[in-house]
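Here's the structure, in structure tokens; my notes come after.
The values are calculated or read from the model by the stated rules, or taken from the named source; none is laboratory data. Being a predicted model, the structure only gives us computed values, none of them experimental. No Cβ is skipped: glycine too gets one built from the backbone with ideal geometry, and neighbour counts run over all protein chains shown.
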Amino acid sequence: MAADTVKTTLPDKAAVVAALPEHPGVKALLAWSAEGLLDARWDRGELTLTVAPESIVPALTALKAAGYNAFEDMTAVDWFPSEPRFQLSYHILSHAYKERVRLRTMVSGDDPAVDSATSVWPGANYYEREVFDLFGVRFEGHPNLRRILMPDDWEGHPLRKDYPVEGYR
């Protein structure tokens, strides 16, 4: 079944794999590691694939090798007080397939860190710096991880849900 003919929500990995076995993003991650793909969802015409934090770079590499040729952006969501606290979402596009994939990973709030995607997609540089600055998630191996929006001496990370509304005083 082609992705453009799926009109319903597919709520989990098993349903997505069964309905979209030939989808290039699903095939790429299953070929890379069937166990590495933790979850998958198809909702409102969008595919979201979830991997473990330590697998983000290999998963991005597998998508790139499968023909996904454009890194659109990445961002974070703070699910405080839930744990894992941070969701990192990477949006990858294939012009050839006319398909977009959201690759996501969940990161603990205790020590929020994940490997940098800049080795695969150099364009991730400024997005990772923004997430570091505003959420406090560290990107290991980033070539220049420092604040990008807030002053260097700013205390805290203003998009965290537990950040005081008026800032620290």
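For region 6-49, the set of residues classified as buried (at least 21 other Cβ atoms within 10 Å of the Cβ) and under 29 Å from D111 (Cα atoms) consists of L29, L37, A40, L47, L49, listed by residue number. Mind listing whichever residues of region 78-106 are β-branched (V, I, T) and farther than 15 Å from D39 by Cβ? Correct list: I92 only. Which of the residues belonging to region 121-156 are closer than 13 Å to V77 by Cα and assigned to a loop (DSSP other than H, G, I, E, B)? G136, V137, listed by residue number. Just checking, does region 14-34 include any residue being assigned to a strand (DSSP E or B) and either within 24 Å of W121 (Cβ to Cβ) or touching a Gly at 6+ places or on another chain (Cβ under 8 Å) (or both)? No, because not a single residue in region 14-34 is assigned to a strand (DSSP E or B) and either within 24 Å of W121 (Cβ to Cβ) or touching a Gly at 6+ places or on another chain (Cβ under 8 Å) (or both).
Checking each residue in region 55-70 for being surrounded by fewer than 19 Cβ atoms within 10 Å (Cβ to Cβ) and either without any contact (Cβ under 8 Å) to a residue 40 or more places away in the chain or in contact with a Leu (Cβ under 7 Å, 6 or more places away or on another chain) (or both) picks out P58, A65, N69, A70. The residue pairs whose first member lies in region 147-169 and is over 19 Å from G109 (Cβ atoms) and exposed (fewer than 11 other Cβ atoms within 10 Å of the Cβ), whose second member is of a type in the set (A, V, I, L, M, F, W, C) and modelled with pLDDT under 95, and whose beta carbons are closer than 9 Å, counting only pairs six or more residues apart or on different chains, are G167/W154. The number of residues in region 33-83 being under 14 Å from the mean Cα position of the chain (by Cα) and under 22 Å from H157 (Cβ atoms) comes to 8. The conditions of being over 30 Å from H23 (Cα atoms) and crowded, with 16+ Cβ neighbours inside 10 Å are met by D133.
In region 117-130, of all residues being of a type in the set (G, A, S) and surrounded by fewer than 22 Cβ atoms within 10 Å (Cβ to Cβ), the one that is nearest to F80 (Cα to Cα) corresponds to A124.
Does region 93-110 contain at least one residue that is buried (at least 16 other Cβ atoms within 10 Å of the Cβ), touching a Phe, Trp or Tyr at 6+ places or on another chain (Cβ under 7 Å) and farther than 22 Å from A40 by Cβ? Yes, there is a match, as at least one residue in region 93-110 is buried (at least 16 other Cβ atoms within 10 Å of the Cβ), touching a Phe, Trp or Tyr at 6+ places or on another chain (Cβ under 7 Å) and farther than 22 Å from A40 by Cβ. Of the listed requirements (1) buried (at least 18 other Cβ atoms within 10 Å of the Cβ); (2) under 22 Å from G136 (Cβ atoms), A52 misses just one: (1).
Here the condition is being touching a helix residue (DSSP H, G or I) at 6+ places or on another chain (Cβ under 9 Å), charged (D, E, K, R) and in contact (Cβ under 8 Å) with a residue 12 or more places away in the chain; of D73, D43, D12, it holds for D73 alone.
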